[in-house]
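S.K.: Can you keep this structure in mind? I'll have questions shortly.
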Amino acid sequence: MKQITVKELYKLCKEQIDEGKGNRMIVISDDNEGNGFHGMFYAFTDADEFIDDIHDSQSENPKKLIVLG
(Lines give C-alpha, C1' and ligand atoms only; values in the text may rest on other atoms or scores of the structure.)
Protein backbone atom coordinates (compact mmCIF):
# COMPACT_ATOMS: atom_id res chain seq x y z
CA MET A 1 0.00 0.00 0.00
CA LYS A 2 1.39 3.40 -1.03
CA GLN A 3 1.36 6.28 1.45
CA ILE A 4 -0.99 9.15 0.61
CA THR A 5 0.44 12.61 -0.13
CA VAL A 6 -1.07 15.91 1.02
CA LYS A 7 -2.20 16.57 -2.59
CA GLU A 8 -3.92 13.18 -2.78
CA LEU A 9 -5.60 13.75 0.61
CA TYR A 10 -6.88 17.13 -0.61
CA LYS A 11 -8.44 15.49 -3.69
CA LEU A 12 -10.01 12.74 -1.56
CA CYS A 13 -11.39 15.34 0.89
CA LYS A 14 -12.83 17.43 -1.95
CA GLU A 15 -14.62 14.37 -3.35
CA GLN A 16 -16.21 13.70 0.07
CA ILE A 17 -17.26 17.36 0.45
CA ASP A 18 -18.80 17.30 -3.04
CA GLU A 19 -20.80 14.21 -2.00
CA GLY A 20 -22.19 16.09 1.03
CA LYS A 21 -20.02 14.35 3.63
CA GLY A 22 -17.90 17.39 4.59
CA ASN A 23 -19.17 17.60 8.18
CA ARG A 24 -18.46 13.98 9.12
CA MET A 25 -15.83 13.32 11.80
CA ILE A 26 -12.65 11.55 10.69
CA VAL A 27 -11.63 8.11 12.00
CA ILE A 28 -8.21 6.72 11.00
CA SER A 29 -6.63 3.27 11.21
CA ASP A 30 -4.21 2.33 13.98
CA ASP A 31 -1.82 0.68 11.53
CA ASN A 32 -1.29 -0.06 7.83
CA GLU A 33 -3.36 -3.26 8.06
CA GLY A 34 -6.51 -1.67 9.55
CA ASN A 35 -6.33 -3.70 12.79
CA GLY A 36 -8.08 -0.93 14.74
CA PHE A 37 -9.44 2.59 14.35
CA HIS A 38 -9.49 5.85 16.35
CA GLY A 39 -10.65 9.44 15.95
CA MET A 40 -8.38 12.10 14.50
CA PHE A 41 -7.80 15.10 16.78
CA TYR A 42 -4.87 17.09 15.37
CA ALA A 43 -4.01 18.76 12.06
CA PHE A 44 -0.63 18.74 10.28
CA THR A 45 2.72 18.81 12.14
CA ASP A 46 6.19 18.59 10.61
CA ALA A 47 7.64 15.11 11.10
CA ASP A 48 10.97 16.32 12.57
CA GLU A 49 9.38 16.45 16.01
CA PHE A 50 8.07 12.86 15.86
CA ILE A 51 10.56 11.00 13.62
CA ASP A 52 11.61 8.58 16.40
CA ASP A 53 7.95 7.59 16.91
CA ILE A 54 7.06 7.05 13.23
CA HIS A 55 6.79 3.39 12.19
CA ASP A 56 5.60 1.67 9.00
CA SER A 57 6.42 4.69 6.80
CA GLN A 58 7.78 4.37 3.29
CA SER A 59 10.40 7.00 4.17
CA GLU A 60 12.55 7.70 7.21
CA ASN A 61 13.47 11.19 5.98
CA PRO A 62 11.48 13.74 8.04
CA LYS A 63 11.70 16.23 5.14
CA LYS A 64 9.56 13.83 3.06
CA LEU A 65 6.94 13.27 5.77
CA ILE A 66 4.25 15.25 7.59
CA VAL A 67 2.18 14.09 10.57
CA LEU A 68 -1.64 14.28 10.37
CA GLY A 69 -3.82 13.52 13.35
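The values are calculated or read from the model by the stated rules, or taken from the named source; none is laboratory data. None of the values given here were measured: they were computed from a predicted structure. Heads up, the Cβs are rebuilt from the backbone with ideal geometry, glycines too, and the neighbour counts pull from every protein chain shown. Please note that ligands, DNA and RNA were not included when accessible areas were found on the heavy atoms of the full protein model with its side chains. Shrake-Rupley method; radii C 1.70, N 1.55, O 1.52, S 1.80 Å.
S.K.: Could you list the trypsin sites (Lys or Arg not before Pro) in the chain that lie in coil according to DSSP, counting only those with at most 13 other Cβ atoms within 10 Å of their Cβ?
M.R.: Loop-located and lightly packed - Lys2, Lys21, Arg24.
S.K.: A further question on this structure: Net charge near Ile51, counting Lys/Arg +1 and Asp/Glu -1 over other residues with Cβ under 13 Å of its Cβ? Provide the component values of the computation, followed by the final result.
M.R.: Values: positive: Lys63, Lys64; negative: Asp46, Asp48, Glu49, Asp52, Asp53, Glu60.
Taking every other residue near Ile51 into account, the sum is -4.
S.K.: List, in order, the whole-Hz ³J(HN,Hα) value for each residue of the range 45-59 obtained from phi through the Karplus relation with A = 6.51, B = -1.76, C = 1.60 and θ = phi - 60°; use x for Gly and Pro.
M.R.: 9, 4, 6, 3, 5, 10, 4, 6, 9, 8, 10, 6, 9, 8, 8
S.K.: Taking all protein chains in place and a 1.4 Å probe, what share, in percent, of the accessible surface of the chain do carbon and sulfur account for?
M.R.: On the way: 3340 of 6260 Å².
Heavy-atom surface of the chain belonging to carbon and sulfur, 1.4 Å probe: 53 percent.
S.K.: Using a 1.4 angstrom probe on the protein heavy atoms only, could you order Phe50, Phe44, Phe37 from most to least accessible area? Numbers along the way, then the final one.
M.R.: Numbers: Phe50 70, Phe44 100, Phe37 135 Å².
Of Phe50, Phe44, Phe37, the descending order of accessible area is Phe37, Phe44, Phe50.
S.K.: Give the Cα extents of the chain along the principal axes, in whole Å, largest first.
M.R.: 37, 25, 23
S.K.: If you only keep lysine pairs separated by 8 or more in sequence, or across chains, how many in the chain come under 18 Å at the Cα atoms? Write down the numbers at each step before the final one.
M.R.: Values: Lys2/Lys11; Lys2/Lys63; Lys2/Lys64; Lys7/Lys63; Lys7/Lys64; Lys11/Lys21.
Here the count comes out as 6.
S.K.: By the scheme Lys and Arg +1, Asp and Glu -1, what is the net charge of all other residues having a beta-carbon under 15 Å from that of Phe37?
M.R.: Details: positive: Arg24; negative: Asp30, Asp31, Glu33.
Taking every other residue near Phe37 into account, the sum is -2.
S.K.: Per the helix-only calculation at 222 nm, which mean residue ellipticity applies to the chain, given -39500 (n - 2.57) for every DSSP H run of n ≥ 4 and division by its residues, nearest 500 deg cm²/dmol?
M.R.: Working: 1 runs with 13 residues, N = 69.
Theoretical 222 nm ellipticity from helices: -6000 deg cm²/dmol.
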